Amino acid sequence: MAEPKSFKPLGASNSNSNRSPSSIKLNEKEFDVENGGRRLSHHHDAVDSSSTTEKVGHQIELEAENSIKYRTCSWQKTAALLFSEYICLAMMSFPWSYSILGLVPGLILTIFIAAIVLYTSLTVWKFCLRHPEIRDICDIGQYLFWDSKIAWWFTAAMFLLNNTFIQGLHCVVGSEYLNTMSNGGVCTIAFSAIVAVICFFVSLPRTFNTLAYLATASAFFTFVSVLLAMIFIASEGHPAGYPKLGEPTILAIPAKGTSFVSGTNAFLNISYTFIGQITLPSFIAEMKEPRDFWKSVTAVTIAEIILFSLVGSIIYAYTGTQYMTSPAFGSISDEMYKKVSFSFMIPTLIFLGVLYASVSARFIFFRLFEGTRHKGNNTVVGWASWAGILAILWVFAWIIAEVIPFFSSLESLMSSLFDSFFGFIFWGWAYIQMSYDDYGPSFYKIRGIRGWLGAILNVSLIFMGLFFLGPGTYASVMGIIESDTSGVFTCASNAL
């Protein structure tokens, strides 16, 4: 992979080549390298919409002669991508989280995390509008931390690991589905590999514009799947395993003696489903009009709050604490009902892993072939490289699926390790940096109460991310250790 270069706006000239070596030019702003990357001037730096439109228009012009065009997504297609990312199988872990946390705290945390993620997503959007040349989260990492290549490489490593873990999660759930449908007829390792191969072929389209059509279908069938699951569980009258553990128990608050590890893992499961800011810069980079992104993310957040709360509370109310499984399909007692509702989840089982694989492959591919004809045209080298990158990513995803073959544990680990940075720390710091650029070091004083509230909120986001990274990771690891590890690289069935 090519080493990242200092950023330069598309179409910018080299008129600053004889500038003093103690400064560099970064997106039309002066930086003092010898003073830790601090800006030389602190003038108001609100987003210039005409400048943003001009730069995006120039990028579209540069692609005009290419056979593969990337800046093609409308806000509606971007919303479809977001729906497929968020309206996914992970929502079927909400009933399990509510069974640990209690219904009232579970619903409160659902709304709280949704509001925080919407706020930080809009921060991502504003940051990308200031820097339309940004292609992905790694570019943002370099911008945020003083044009540091170390920051770029650190972000890149976390970015690829996060996405590959999500791919692995879908290999796990795919093998669960195949085992459930076949009653464990084939070795689980083989089922997981079959899912990885299918996902590899679906990952081959090279633009989000093409994937948006698949995303729409994925989100629709996911909605049908969870709707059927709620109807079946409510109509059955009792969950799978009843009455072995007595009458189902519904808790308004956590049960006495609930451990820190189980409570934190339940909270991380809720957070994982909402937090997806890591892909947002990649989506915005392929929009025809990035200024419309707020419409996409707001529509999705409203849908998330309604759907996740209903799915979590309704299924939990009919299943109870002691009969809960994750994902909740396993709590349906009738085998036929379970298989029918789970089957409608097939598109999202495949597509969401595909989406993250495509984001990772695009990140690697763009940097390998930047400035060459292979990036924007149908060449043998371009397509062979694209397929090769995807193949490597899916092999690693399959390995992860076999090492940590537990749905809720894998979700919690990903949330603590990666969402700490990409869900909280990055965006609290981005707000502080943008405010510093606009108003100077005393921005929280200059803006009055709004400045103080903004500073307190975003510093709190940074500390929340540190909680995820520290105690959250500890709880995730302990949860994996406490899990039955007999399923690592084994043929044993993981059917629901």
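The values are calculated or read from the model by the stated rules, or taken from the named source; none is laboratory data. Because the structure is a prediction, the values reported are computed rather than measured. Cβ atoms come from the backbone with ideal geometry, glycine included; neighbour counts cover every protein chain shown. Remember, those area values only see protein heavy atoms, side chains included, never the ligands or the DNA or RNA. Shrake-Rupley method; radii C 1.70, N 1.55, O 1.52, S 1.80 Å.
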Query - Accessible area (Å², per residue) of segment 315-470, counting only protein heavy atoms and a probe of 1.4 Å - result: 35 Å²
**Report entry** Order by protection proxy (mean Cβ within 10 Å, highest first), peptides 238-251, 186-199, 73-86
**Finding:** 73-86, 186-199, 238-251
Query raised in the report: Want the number for A190 to N378: 0.36 nm per residue separation, take away the alpha-carbon distance, what's left?
Result: 64.3 nm
Query raised in the report: Which length gain, in nm to one decimal place, applies between S74 and D334 when the Cα-Cα distance is subtracted from 0.36 nm times their residue separation?
Result: 89.4 nm
Query - Carbon + sulfur, % of accessible area of segment 121-191 - ligands and nucleic acids excluded, 1.4 Å - result: 71 percent
Query raised in the report: Once fully extended, how much extra length lies between Y119 and L453, figured as 0.36 nm per residue of separation less the alpha-carbon to alpha-carbon distance?
Result: 118.9 nm
Report summary line: What the Cα atoms of segment 127-225 span along the principal axes, largest first and in whole Å, is 55, 28, 23
**Report entry** q = 0.15, 0.26 Å⁻¹, segment 222-261: log10 I(q)/I(0) [Debye, one scatterer per Cα]
**Finding:** -0.59, -0.91
Report summary line: Listed by chain and number, the residues whose amide H is under 5 Å from that of T258, excluding neighbours fewer than 5 places away on the same chain and using placed H, are none
